[in-house]
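The next block holds one structure in the form of structure tokens; read it before the comments.
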Amino acid sequence: MKQSFQASAPSNIALIKYMGKLAAETGSNRPANSSISFSLNGFKTHVRASVIDGVAEPFVWAPLRKAGLQAPHLSEHGRMRFLQHAERVMKRIGAGLPNGKSILIESANDFPSDCGLASSASSFAALTMAIAGLFESKLSVEDLADISREGSGSSCRSFFIPWGIWDSEGARAAEGLPGEDKLWHMALIVDDSLKRVSSSEAHKRVASSLLFRGRPERAEERLRQLMDCLRRASGNDGVHAWNRASELVWAESWDMHVLFETSEPSFGYMVPESLRVLSLIRELNLKYAESETYRKPLVTLDAGPNVHVIGWRDAQSEQMKDELMARVRSFARVEDGVR
Ligand code: PMV
């Protein structure tokens, strides 16, 4: 066992969404369908786990104070969930607390904590890694991802950079897809207030939508097609394959948001500015598509109002990016997720 261990993990944005759980009552975060995400190395959570003494509770949390990092605003419930996960990881890796000792968990993000970007995936992944590192666990990264999944489902994909796939066999790296050197990402933050409906609640409620019937099959099929398109995106018919990927990602984002809106009771995350961004993107795509080599960006919303855009690093797509940034400046804040 070490005295202290620090780890960091990126946030991720799903292109095929994990929405809906199997046997939700068991609390084990088994997804109704497979998902794939892109890890955002510009949005990381850092967690330091240390062995301390002189404290009554076995696990305590504090903000990690370091230059360039921002402490997350954890509610009492959030803090409990986080510390319970530390305990879970210790149990799963077979580690025990030495007599009279406690574990201090310090965490912070290297992206603004108040900007409406989810940090649960990055924070649970980093916490799992920090505890595993502290106790010098020899478990594989896939096994650690599986333990992390029990704390926060989507966190299991944050172990894999840049692409994480999560299916019935667990989470692993998705190979053969375009790397970070080929892509840019930006999050257009139109609303940074806290979610009124948590993602745990959303997972439950979507099952009440009539459109949830067929949803797992639809998502699996879309995932198959998306993987195929992304694999071909660097090849001969790359422009066509990438643009098809863009359509699939757009459809998937709407699919999830329509599930929210057709649940009983219905709910939703979009605000007028989300739609303003989407229609601007559509307008710019139409303009730039006059060139046959133009690659439309992949556009998706998480369970929130902010718009994530992943583009191909080439002159046209970056010009579109600059124009989009200039046109949203008055109502959206831009954060780069890939550094
Ligand atoms: O990991 P959770 O329970 O916060 O669920 C995340 C669900 C979405 O972010 C909406 C989609 C996804 O796959 O990340």
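Overview of values
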item	result
Too-long pairs where the Cα-Cα distance tops 28 Å, listed order kept, from LYS204/LYS321; LYS66/LYS296; LYS21/LYS182; LYS2/LYS44; LYS17/LYS138	LYS204/LYS321; LYS66/LYS296; LYS21/LYS182; LYS17/LYS138
Charge tally in the Cβ shell below 15 Å around ALA95, where Lys, Arg are +1 and Asp, Glu are -1, ALA95 excluded	+3
Surface share of carbon and sulfur [accessible, 1.4 angstrom probe, percent] for the chain	50 percent
Convex hull projection area averaged over all views, the stretch 1-51, Cα basis, nm²	5.4 nm²
Listed peptides 201-207, 327-333 by packing density, highest first (mean Cβ within 10 Å)	201-207, 327-333
Alpha carbon centroid spacing (whole Å) that separates the stretch 25-99 from the stretch 191-235	25 Å
C-alpha long axis of helix 272-288 to longest principal axis of the chain, angle in °	50 degrees
The stretch 4-173 - accessible surface per residue (Å², probe 1.4 Å)	39 Å²
Signed unit charges on C-beta, dipole axis of the chain, positive-most listed residue ALA173, SER120, ALA56	ALA56
Added length on full extension, which subtracts the Cα-Cα distance from 0.36 nm per residue, VAL60 to ASP237	58.4 nm
Test item: Cα-centred dipole of the chain, Lys/Arg +1 and Asp/Glu -1 on Cβ, debye	380 debye
Part-to-part distance (alpha-carbon centres) for the stretch 123-142 and the stretch 268-325, which is given in Å	36 Å
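The values are calculated or read from the model by the stated rules, or taken from the named source; none is laboratory data. Since this is a predicted model, take the numbers as computed values, not measurements. Reconstructed Cβ throughout: ideal geometry from the backbone, glycine too, with neighbour counts over all protein chains shown. Accessible surface is based on the protein model in full, side chains and every heavy atom, while ligands, DNA and RNA are left aside. Shrake-Rupley method; radii C 1.70, N 1.55, O 1.52, S 1.80 Å.
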